[in-house]
Amino acid sequence: YHPNARGFDEFYGFRGGARSYFPYKNFDGIHHDNKMERNFGNFEEPNGYVTDVLADEAVKFIEKNKDNPFFIYLSFNAVHTPMHATEEDLKQFPNLKGKRKEVAAMTLALDRASGRVLDKLKELGLDENTIVVFSNDNGGPTDKNASLNLPLSGTKSNHLEGGLRVPYLVKWPKKLKAGVEYNYPVSTFDLLPTFYVAGGGNVKDLDNIDGVNLIPFIDGSN
């Protein structure tokens, strides 16, 4: 299931789910799933805060492929535990304390990193015809990182609304109007057929998939 074995030409990241946001000084007791890896088996620790470094890698990839169609799966670990933030980001929230301060600083870093990717697309004139999706994997674990799911009830790992409802934003200026709300359930399963059709494919060519092409629903034609 390594990305390089699943159709990705390049990979930079880590296979696990809860590594340090700062470079490991040594690997004693660190499983290889939590080491930063470039492609397969080339372990190299980040030169900086992981959220910023992942944005660096995405920006470099966009610059390298600006003249060709490309796909990026940019899987930030923010704001997952461990609760690690830079001193500079923590200073932006003097009125907060403890985990609430840390999650705010980590969210700021995530926002900054996402903005850098969007800015690069705009700088290169690619923003109008690039589909950008921002999503999440589950509701906030309020006991772990001081996130708030209000007014929804429940948290990560349960079936109440606060565990299931997550941000799902789609931006494609060339095809979709801004500010549209679609008030029916969607899933990240829908992204594969949506991207495939947008790239010129026929959804009928995809066998045994659970998702649907979202565009006819979002633009109101269906």
Subject >> Contact order relative to length of the chain, as percent, for alpha carbon pairs under 8 angstrom and 6 or more apart >> reply: 12
Subject >> Per-residue SASA entry for SER157, accessible area with 1.4 Å probe, Å² rounded to 10 >> reply: 110
**OP:** Estimate the FRET efficiency between ALA198 and GLU123 by the formula 1/(1 + (r/R0)^6), using the beta-carbon distance for r and 25 Å for R0, to the nearest 0.05.
**Re:** 0.65
**OP:** Could I have the simple spin-label model distance between THR188 and ASN26, label points 7 Å from Cα toward Cβ, reported in nm to one decimal?
**Re:** 3.6
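Whenever you get a sec, line up LEU160, LEU176 from highest to lowest accessible area (probe 1.4 Å, protein heavy atoms).
Values: LEU160 90, LEU176 20 Å².
Largest accessible area first, the list is LEU160, LEU176.
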Subject >> Extension reserve of the ARG112-LEU74 stretch, reckoned as 0.36 nm per residue once the Cα distance is removed >> reply: 12.3 nm
Subject >> Nearest-10 value in Å² for the accessible area of ILE215, using the 1.4 Å probe >> reply: 30
Original post:
Share of segment 41-97's accessible area from carbon and sulfur, percent, 1.4 Å?
Top reply: 49
Original post:
Taking the Cα-to-Cβ direction at LYS60 and at GLN92 and moving 7 Å from each Cα, how far apart do the two end points lie in nm?
Top reply: 2.4
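With every protein chain left in place, what is the accessible area per residue of the chain in square angstrom, probe 1.4 Å? Mind showing how you got there, number by number?
Working: 14450 Å² over 222 residues.
Roughly 65 Å² per residue, with all protein chains present.
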Original post:
Say each of GLU10 and ASP205 gets a label point 7 Å from the Cα, pointing the same way as Cα to Cβ; how far apart are those two points in nm?
Top reply: 2.5
Subject >> Solvent-accessible ranking of MET83, MET36, largest area first, probe 1.4 Å >> reply: MET83, MET36
Subject >> Karplus-derived 3J(HN,Hα), 6.51/-1.76/1.60, for each residue of segment 38-47, Hz, glycine and proline x >> reply: 10, 6, 9, x, 9, 8, 8, 6, x, 9
Original post:
Add -39500 (n - 2.57) for each DSSP H run of 4 or more in the chain, then divide by its residues: what number comes out at 222 nm, to the nearest 500 deg cm²/dmol?
Top reply: -8500 deg cm²/dmol
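Is segment 112-196 best put as rounded, prolate or oblate by its Cα gyration tensor, with a ≥ b ≥ c the root eigenvalues, rounded for a/c under 1.5, and otherwise prolate when a/b is larger than b/c, oblate when not? Walk me through the numbers before you get to the answer.
Values: a/c = 2.58, a/b = 1.74, b/c = 1.48.
Taking the square roots of the gyration eigenvalues as a ≥ b ≥ c, segment 112-196 is prolate.
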Original post:
Leaving out ligands, DNA and RNA but keeping every protein chain, what accessible area does LEU110 have, in Å² rounded to the nearest 10, with a 1.4 Å probe?
Top reply: 30
**OP:** May I ask you to rank ASP219, ASP9, ASP111 by accessible area, largest first, using a 1.4 Å probe over the protein chains only?
**Re:** ASP9, ASP111, ASP219
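Loop only by DSSP, 13 or fewer other Cβ within 10 Å of the Cβ. Give me the trypsin sites (Lys or Arg not before Pro) in segment 42-142 that pass, ordered by residue number.
Working: sites: LYS60, LYS64, LYS66, LYS91, LYS97, LYS99, ARG100, LYS101, ARG112, ARG116, LYS120, LYS122; in loops: LYS66, LYS91, LYS97.
Filter output for segment 42-142: LYS91, LYS97.
The values are calculated or read from the model by the stated rules, or taken from the named source; none is laboratory data. Being a predicted model, the structure only gives us computed values, none of them experimental. Here the Cβ is made from the backbone with ideal geometry for all residues, glycine too, and neighbour counts use every protein chain on show. Accessible surface is based on the protein model in full, side chains and every heavy atom, while ligands, DNA and RNA are left aside. Shrake-Rupley method; radii C 1.70, N 1.55, O 1.52, S 1.80 Å.
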